[in-house]
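Read the figures in this text as sums done on the coordinates, not as results from a lab. All values derive from a computational prediction rather than experimental measurement. Note: ideal-geometry Cβ built from the backbone for every residue, glycine included; neighbour counts use all protein chains shown.
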Amino acid sequence: MKTSLLFLSLTVATVLSAQTKHTITASGMTFTPNSLTINQGDTVEWDNVSGFHNVNGTQATFPANPTSFGNSPASAPWNYTFVFTVAGNYAYQCDVHAPNMAGTIVVQPATSVVKLQEKTELKVFPNPTADYFSIDTKQTIKSVSLINITGQLVKTYTETASQTNRFDVKALPKGIYFINIEIGDAKLVEKLIIQ
């Protein structure tokens, strides 16, 4: 419980500006590009266009990774997407073709967090919740999506939900999630606890 409270107090709100989606292609015996530098909150999509591959960036394989990510080996075509919410250096590999098929991702921390937080004046409530959450802001919400603690996108809310400002979470398992909220040219990440 103490660890959870510490984690919650350290990551109450993170603001990320101009999030970007990056694509890495898996083909033959390589990831292209095999080295990538991104910003905290950016999305990386691995696109397997040929062969039998996977993405393994788990802490079991790479203990220095700030968090785990990955999928199971499968034949092409497939896509695997992960949102990097924790800054740091990550290593990953294709287990079938390791150590020759590997890559690295450097996630740079978000900048100007305090200034963007003041500008957006955003509040997510109730938090913790069991049924739904709402977002209180004076700015127009462009999009809202929910990411689980492992960085996987679990739900994207429709424009209707944004208009009613009521985002349903009843069907989701209990746990810690991150809400990606796009407002203007900024993206905010707020922590949400589902009980």
Inset, instruction - Between Ser35 and Lys142, take the C-beta separation as r, use R0 = 22 Å, and let me know the FRET efficiency to the nearest 0.05. - result: 0.10
Inset, instruction - Distance between Cα centroids, region 144-158 to region 167-187: provide it in whole Å. - result: 6
Legend entry - Packing-based order for 125-131, 87-93, using average beta carbon neighbours within 10 Å, highest first: 87-93, 125-131
Inset, instruction - Using Cα positions and a limit of under 18 Å, work out the aspartates and glutamates in reach of Lys187, with same-chain residues fewer than 8 apart set aside. - result: Asp42, Glu118, Glu121, Asp136, Glu159
Legend entry - Over 21 Å [Cα-Cα, region 20-108], rounded percent: 19
